[in-house]
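Trainee: I am attaching a structure below and will ask some questions about it afterwards.
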Amino acid sequence: MLRRGWTWLQNKITTKARNFVLKVLAAGPIPRHVGFVMDGNRRYARVHHKAVWQGHSDGFVALRRILEVCLRLDVKCVSAFAFSIENFKRSEDEVNALMKIAEEKLIELSSHGDLLEEYGVRLNIVGRKELLPEAVQKAVAKAEEMTRHNDRAILNLCMPYTSRDEIVTAVESCVRNAEDMPDEIRISEDDIDAQLMTTLGGSPPLDVLVRTSGVKRLSDFLLWQGCENTQLQFSDSYWPDFGLLDFIPIILDYQRKVWTRTIS
Ligand code: FPP
Ligand code: MG
């Protein structure tokens, strides 16, 4: 009984401290758009003696956790790299496990009373949806439809996605549009920007790009979007371990840079 009361008190204090930290952070400048390369699921699984699918499943829990932190800070758009086109080369078991997570969890996340509804988040699946198994295509279409009217924030779940594929698709659209004016085909940076899958979904400019697991690579994620003023942040935590404590220094660094830019 005493033990239960102690745990209750500890949880209460943790929640209060968390709310306080979020309120303090939210008083400063907040990035409009944060991208996450969610890396390190398999190394996390190995270290914790878990199966690979469990590493990815815990990775989904981490996505949900950090998404809520971002939404409470009033980040308007979160883009998460959930599955690269290259990931189809992984073992059948691993690909199937990731597809199962997408099929089951995205509808859950979009359902009545769950996170996306609570914070008014529109879900966009960004990438080559036609490469997904039929059952997953149906599930993601349903999840997107369930959140279609939400307009307070955006979650871009990139799967199956690579940035170069997105850029090629955007250029193809520009060429198709320009064919209506055959005299002179001119394609500007703005034209390509307007055709990117993220822009079509209404995403603001990418302010911060985070990669976990101590690896410093971009891995073909949001390359065009990351060209201008994006701050790159690398965290040593494996993705399933990533949480508020890892995110606080990232937001503080963003705020410091915005303030010094404003002052100088
Ligand atoms: C990279 O870690 C992670 C992935 C390839 C998958 C990311 C997916 C999730 C976090 C689950 C959420 C998403 C879905 C499908 C909706 P890794 O496998 O490269 O691990 P390693 O770097 O340790 O080898
Ligand atoms: Mg990896």
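The values are calculated or read from the model by the stated rules, or taken from the named source; none is laboratory data. Everything quoted here is computed from the prediction, not taken from an experiment. When we count neighbours, we look across all protein chains shown, and the Cβ atoms used for this are built from the backbone with ideal geometry, even at glycine.
Trainee: Taking interchain pairs and intrachain pairs at least six residues apart, which have beta carbon atoms under 6 angstrom, with the first residue in segment 37-56 and in contact (Cβ under 8 Å) with a residue 40 or more places away in the chain and the second more than 8 Å from ligand 1 (Cβ to nearest atom) and of a type in the set (A, V, I, L, M)?
Mentor: Trp53/Ala97; His56/Ala97
Trainee: With the checklist (1) crowded, with 17+ Cβ neighbours inside 10 Å; (2) free of Cβ contacts under 8 Å to residues at least 40 places away in the same chain in hand, flag the one item Leu67 doesn't pass.
Mentor: (2)
Trainee: Looking at this structure, is Glu145 under 25 Å from Val61 (Cβ atoms) and in contact (Cβ under 8 Å) with a residue 24 or more places away in the chain? Explain how you work it out, then say what you get.
Mentor: Values: under 25 Å from Val61 (Cβ atoms): yes; in contact (Cβ under 8 Å) with a residue 24 or more places away in the chain: no.
When the stated conditions are applied, Glu145 does not pass them.
Trainee: Could I ask something else about it? For segment 73-96, enumerate the residues that are within 11 Å of ligand 1 (Cβ to nearest atom) and either touching a Ser or Thr at 6+ places or on another chain (Cβ under 8 Å) or acidic (Asp, Glu) (or both).
Mentor: Hits for segment 73-96 are Phe81, Ser84, Glu86, Glu94.
Trainee: List pairs: first in segment 229-254 and of a type in the set (Asp, Glu) and surrounded by fewer than 15 Cβ atoms within 10 Å (Cβ to Cβ), second modelled with pLDDT of 95 or more and not in a strand (DSSP E or B), Cβ under 9 Å, 6+ apart or cross-chain?
Mentor: Pairs that qualify, where the first residue is of a type in the set (Asp, Glu) and surrounded by fewer than 15 Cβ atoms within 10 Å (Cβ to Cβ) and the partner is modelled with pLDDT of 95 or more and not in a strand (DSSP E or B), are Asp236/Thr212; Asp236/Ser213; Asp236/Gly214; Asp236/Asp246.
Trainee: Any residue that is away from ligand 2 (no atom under 15 Å from the Cβ) and either in a loop (DSSP other than H, G, I, E, B) or surrounded by 21 or more Cβ atoms within 10 Å (Cβ to Cβ) (or both) - is there at least one of those in segment 81-101?
Mentor: No, because not a single residue in segment 81-101 is away from ligand 2 (no atom under 15 Å from the Cβ) and either in a loop (DSSP other than H, G, I, E, B) or surrounded by 21 or more Cβ atoms within 10 Å (Cβ to Cβ) (or both).
Trainee: So in segment 38-64, with the set limited to residues that are within 9 Å of ligand 1 (Cβ to nearest atom) and not in a helix (DSSP H, G or I), which one is surrounded by the most Cβ atoms within 10 Å (Cβ to Cβ)?
Mentor: Within segment 38-64, the match that is surrounded by the most Cβ atoms within 10 Å (Cβ to Cβ) is Gly40.
Trainee: If you scan segment 203-220, which residues turn out to be of a type outside the set (A, V, I, L, M), within 14 Å of ligand 2 (Cβ to nearest atom) and part of a loop (DSSP other than H, G, I, E, B)?
Mentor: If the condition is that a residue be of a type outside the set (A, V, I, L, M), within 14 Å of ligand 2 (Cβ to nearest atom) and part of a loop (DSSP other than H, G, I, E, B), then Thr212, Ser213, Gly214, Lys216, Arg217, Ser219, Asp220 are the ones that fit.
Trainee: Would you confirm whether or not segment 220-236 contains a residue that is within 16 Å of ligand 1 (Cβ to nearest atom) and farther than 22 Å from Arg164 by Cβ?
Mentor: Taking segment 220-236 first, the residues within 16 Å of ligand 1 (Cβ to nearest atom) are 220-222, 234-236.
Keeping just the survivors that are farther than 22 Å from Arg164 by Cβ gives 235-236.
Yes, because at least one residue in segment 220-236 is within 16 Å of ligand 1 (Cβ to nearest atom) and farther than 22 Å from Arg164 by Cβ.
Per-residue answers, yes or no, for (1) modelled with pLDDT under 95; (2) among the aliphatic types (A, V, I, L, M); (3) within 30 Å of Trp259 (Cβ to Cβ); (4) more than 16 Å from ligand 2 (Cβ to nearest atom):
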| position | (1), (2), (3), (4) |
| --- | --- |
| Trp6 | yes, no, no, yes |
| Gln10 | yes, no, no, yes |
| Thr14 | yes, no, yes, yes |
| Lys23 | no, no, yes, yes |
| Ala26 | no, yes, yes, yes |
| Phe36 | no, no, yes, no |
| Asn41 | no, no, no, no |
| Arg46 | no, no, no, no |
| Trp53 | no, no, no, no |
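Trainee: If Gly35 passes every condition in (1) within 20 Å of the chain's Cα centre (by Cα); (2) near ligand 1 (Cβ under 8 Å from one of its atoms) but one, which one does it miss?
Mentor: (2)
Trainee: Additional query: Assuming Ile107 fulfils every condition listed in (1) surrounded by fewer than 18 Cβ atoms within 10 Å (Cβ to Cβ); (2) under 19 Å from Phe81 (Cβ atoms); (3) touching a helix residue (DSSP H, G or I) at 6+ places or on another chain (Cβ under 6 Å) apart from one, which condition is it?
Mentor: (2)
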